[in-house]
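The values are calculated or read from the model by the stated rules, or taken from the named source; none is laboratory data. What you see is a predicted model; the values in this text were computed from it and never measured. All Cβ positions, glycine included, derive from the backbone under ideal geometry; neighbour counts span all protein chains shown. Just the protein is used for accessible areas: all its heavy atoms, side chains included, with ligands, DNA and RNA removed. Shrake-Rupley method; radii C 1.70, N 1.55, O 1.52, S 1.80 Å.
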Amino acid sequence: MEVVFVRFLARAPEHGIQVDGVLGMRVRKDEATDTYLGFMPSLKLYAQGRTTHEAERLMEKAVSLYLKLAIRESELSEILL
C-alpha cells in the first residue's frame, strides 16, 4: 500500500466560498481487477483507476465534487471539523 497526497480545489462562487488543500490517500493494487484503488479516510471516499496516477486524478475530482455538494447543502462545517 502506498500513501500519496492529493491536492484539491472546490469552488462555489454562488456562495462566495473556495476550499483548497491537500489530503492523504492510500492506494493499493487490486490484483483481481488489475486496477488501483484509492481510499481517502478523512472523507471516506474511494476512487479507482488503471494506474496510480489515474486513481489520484479521479480522487481529486471526487473530493472537489464532494466538497461542492457539501457547500450547496450547507454541511461544509460538519465535514471540515
Exercise for review: Report yes if some residue within region 47-66 is over 17 Å from the mean Cα position of the chain (by Cα), exposed (fewer than 15 other Cβ atoms within 10 Å of the Cβ), at negative phi and among the hydrophobic types (A, V, I, L, M, F, W, C); otherwise report no.
Suggested key: no
Review point. Do any residues in region 70-81 that are modelled with pLDDT under 80 have Cβ atoms under 9 Å from those of residues that are part of a loop (DSSP other than H, G, I, E, B) and surrounded by 13 or more Cβ atoms within 10 Å (Cβ to Cβ), where the two are at least six apart or on different chains, and which pairs are they?
Key: Ile79/Leu43
Check your understanding: Does Glu75 satisfy the condition of being open to solvent by less than 90 Å² (accessible area, probe 1.4 Å), touching a strand residue (DSSP E or B) at 6+ places or on another chain (Cβ under 8 Å) and among the acidic types (Asp, Glu)?
Key -> no
Check your understanding: Looking at region 32-46, is at least one residue among the basic types (Lys, Arg), free of Cβ contacts under 8 Å to residues at least 12 places away in the same chain and either open to solvent by 90 Å² or more (accessible area, probe 1.4 Å) or not in a strand (DSSP E or B) (or both)?
Key -> yes
Point to revise | Filter result (of a type in the set (Val, Ile, Thr) and either touching a Gly at 6+ places or on another chain (Cβ under 8 Å) or in contact (Cβ under 8 Å) with a residue 24 or more places away in the chain (or both)) within region 18-31 | key: Val19, Val27
Review point. So which residues in region 30-50 are among the hydroxyl-bearing types (Ser, Thr, Tyr) and more than 20 Å from Ser64 (Cβ to Cβ), if there are any at all?
Key: Thr33, Thr35
Practice item. Would you be able to tell me the number of residues in region 47-57 that are among the polar types (S, T, N, Q) and part of a strand (DSSP E or B)? Key: 1
